[in-house]
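Asks: Supplied in structure tokens, the structure appears directly below.
The values are calculated or read from the model by the stated rules, or taken from the named source; none is laboratory data. None of these values were measured; they are calculated from a predicted model. Glycine also receives a Cβ, built like all others from the backbone with ideal geometry; neighbour counts cover every protein chain displayed.
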Amino acid sequence: MSTGFKQSLTEAIPMLRAFARALSGNQDRADDLVQETLVKAIAHRDKFRAGTNLHAWLVTILRNQYYSEGRRRRREVPDPDGIHAGRLTDAPRHDGAMAMQDFLCALQCLPCDHREALLLIGVSDFSYEEAAKVLGAPVGTIKSRVSRARARLEVLVNGSPDFRRDPAAALQSLEQLDRALSLSA
């Protein structure tokens, strides 16, 4: 950058600050506008034609910067606490889909009679008595199957090593659970 151009920019700063202050009505914003103007003027100094009015060129850059920021700010919502931004975010959907896949896979690991009882009570909203009639088993047996099915699902989904990749470890976890449940009964 030539010394003359640098000197002319330095001399134009007070005029730019006064213009920016009058335009924006805010000292801090005016300083930011002047800084952006000088950065753009230096970056695009090859577009300035020697012998033309440098002040007019700089004021044009400053005005364009001011109006560009104004257009941008009109689309922005003041949100210092992040409340509005928090409403715009959305939790990733794949986490729920993955959890559902794990649950469905774990459900398939249950013995058929436990799975049927759990689905009738938990999903189809049958009473224990209605489920007992459908499955042809005593009410106490249905309650036991549902209880064991829930405990097994808990172990598979939350406590088991990756039961999809390591079915043997999952079965071992279930066997330990079954032993614990039979000891407590």
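Per-residue answers, yes or no, for (1) touching a residue at least 12 places away in the same chain (Cβ under 8 Å); (2) within 25 Å of Arg73 (Cβ to Cβ); (3) surrounded by 12 or more Cβ atoms within 10 Å (Cβ to Cβ):
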residue	(1), (2), (3)
Ile13	yes, yes, yes
Ala22	no, yes, no
Ala41	yes, yes, yes
Ala50	no, no, no
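Asks: Report, by residue number, each residue of region 58-77 that is within 20 Å of Ser8 (Cα to Cα) and surrounded by fewer than 16 Cβ atoms within 10 Å (Cβ to Cβ).
Replies: Answer for region 58-77, where residues must be within 20 Å of Ser8 (Cα to Cα) and surrounded by fewer than 16 Cβ atoms within 10 Å (Cβ to Cβ): Thr60, Arg63.
Asks: Let me ask you something else. Looking only at region 1-44, count how many residues are basic (Lys, Arg) and closer than 11 Å to Ile61 by Cβ.
Replies: 1
Asks: Looking only at helices (runs of 4 or more DSSP H) that fall completely inside region 1-114, which ones have 3 or more residues that are closer than 30 Å to Ala137 by Cβ, modelled with pLDDT under 85 and under 32 Å from the mean Cα position of the chain (by Cα)?
Replies: Those helices (runs of 4 or more DSSP H) span 93-109.
Asks: Which members of region 141-157 meet the condition of being modelled with pLDDT of 85 or more and touching a Phe, Trp or Tyr at 6+ places or on another chain (Cβ under 9 Å)?
Replies: Ile142, Lys143, Val146
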